[in-house]
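Novice: I am attaching a structure below and will ask some questions about it afterwards.
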Amino acid sequence: MKKLIFATGNKDKMREIRQILGDMDYEIVSMKEAGVDIDIVEDGTTFEENAIIKARAVMEATGCLVLADDSGLEIDYLGKEPGVQSARYMGENTSYRIKNQILLDRLHGVPAAVRGTRFVCVIAAAFPDGRIETRRATIEGRIADKPAGENGFGYDPIFYLPDRQKTTAELTEEEKNEISHRGKALRMIKEIL
Ligand code: ITT
């Protein structure tokens with residue numbers, strides 16, 4: 001079977017990716033499983049730039065087909081913060097329980113109509129011949145009034161879906177992957193592999 005390396009060090013993303021790409025004709029290996037131990041500096045200013053930086057670095061180190069995911073949360077009321085800084089917002093070692101609570105505090109008293117938010121995901125594919133492709137997808141929601149749910153990761157407990165009356169942390173993994181930014185972007189990239 002052909003090999004595809006996914007350039008992420010985030011175990012939660014990797015779990016979702018394996019489920020979404022599980023039916024492909026590729027053996028999907030994480031960076032760690034591929035024995036790639038390089039320090040990648042994500043200094044791009046857009047999701048596209050950072051996804052390309054990650055995918056290209058690992059493709060150049062291995063010569064393999066590589067995919068990378070750069071994603072994050074945009075909160076309209078905060079001028080699209082934390083955006084591309086989502087993983088580094090308030091420090092990489094600050095727990096998401098605390099990050100989520102601080103975001104809820106910053107939106108304290110803000111009415112539902114202006115609590116709009118979205119998850120953005122850009123998947124970059126770096127092919128061994130140097131070709132690069134990217135695909136972007138989003139899911140729209142609202143910042144919850146309080147955290148809810150144990151599934152997912154990161155900002156999922158405060159990402160509320162008004163239609164379903166649930167946060168993305170209250171969805172099963174299959175339900176989230178069907179509608180999520182990551183599920184949509186990965187299904188688009190599947191079409192070109
Ligand atoms: P890699 O760069 O190694 O892939 P990372 O966690 O640093 O891992 P990003 O730079 O792309 O990844 O940051 C994405 C952050 O955005 C992630 O750590 C979460 O905080 C948040 N995020 C992205 N997708 C999410 C999702 O589906 N649910 C909850 N939070 C999400």
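Novice: Go through segment 1-59 and report how many residues are within 10 Å of the ligand (Cβ to nearest atom) and not small (G, A, S).
Specialist: Within segment 1-59, residues that are within 10 Å of the ligand (Cβ to nearest atom) and not small (G, A, S) number 16.
Novice: Turning to a different aspect of this structure: Tell me the residue from E49, E33 that is touching a strand residue (DSSP E or B) at 6+ places or on another chain (Cβ under 9 Å) and in a loop (DSSP other than H, G, I, E, B), please.
Specialist: Exactly one residue qualifies, and that residue is E33.
Novice: Looking at segment 32-50, is at least one residue touching a residue at least 12 places away in the same chain (Cβ under 8 Å), more than 13 Å from the chain's Cα centre (by Cα) and surrounded by 20 or more Cβ atoms within 10 Å (Cβ to Cβ)?
Specialist: Checking segment 32-50: not a single residue is touching a residue at least 12 places away in the same chain (Cβ under 8 Å), more than 13 Å from the chain's Cα centre (by Cα) and surrounded by 20 or more Cβ atoms within 10 Å (Cβ to Cβ).
Novice: Being farther than 20 Å from F159 by Cα, of a type in the set (A, V, I, L, M) and without any contact (Cβ under 8 Å) to a residue 60 or more places away in the chain: is that true of A68 here?
Specialist: No; evaluated as a whole, the condition is false for this residue.
Novice: Ok, one more. Regarding G63, is this residue open to solvent by 10 Å² or more (accessible area, probe 1.4 Å), more than 13 Å from the ligand (Cβ to nearest atom), of a type outside the set (D, E) and modelled with pLDDT of 95 or more?
Specialist: yes
Novice: When only residues in segment 68-99 that are open to solvent by less than 10 Å² (accessible area, probe 1.4 Å) and over 19 Å from E49 (Cβ atoms) count, which is farthest from the ligand (Cβ to nearest atom)?
Specialist: I75
Novice: Which one of these does R118 not meet: (1) under 21 Å from M14 (Cα atoms); (2) open to solvent by 30 Å² or more (accessible area, probe 1.4 Å); (3) away from the ligand (no atom under 12 Å from the Cβ)?
Specialist: Among (1) under 21 Å from M14 (Cα atoms); (2) open to solvent by 30 Å² or more (accessible area, probe 1.4 Å); (3) away from the ligand (no atom under 12 Å from the Cβ), R118 violates only (3).
Novice: Also: Among R182, R136, R164, R142, which is open to solvent by 70 Å² or more (accessible area, probe 1.4 Å) and under 14 Å from the mean Cα position of the chain (by Cα)?
Specialist: R136
The values are calculated or read from the model by the stated rules, or taken from the named source; none is laboratory data. All of these numbers come straight from a predicted model, not from anything done at the bench. With ideal geometry, Cβ positions are generated from the backbone for all residues, glycine too; neighbour counts draw on all protein chains shown. Ligands, DNA and RNA are excluded from the accessible area calculation, which covers all protein heavy atoms including side chains. Shrake-Rupley method; radii C 1.70, N 1.55, O 1.52, S 1.80 Å.
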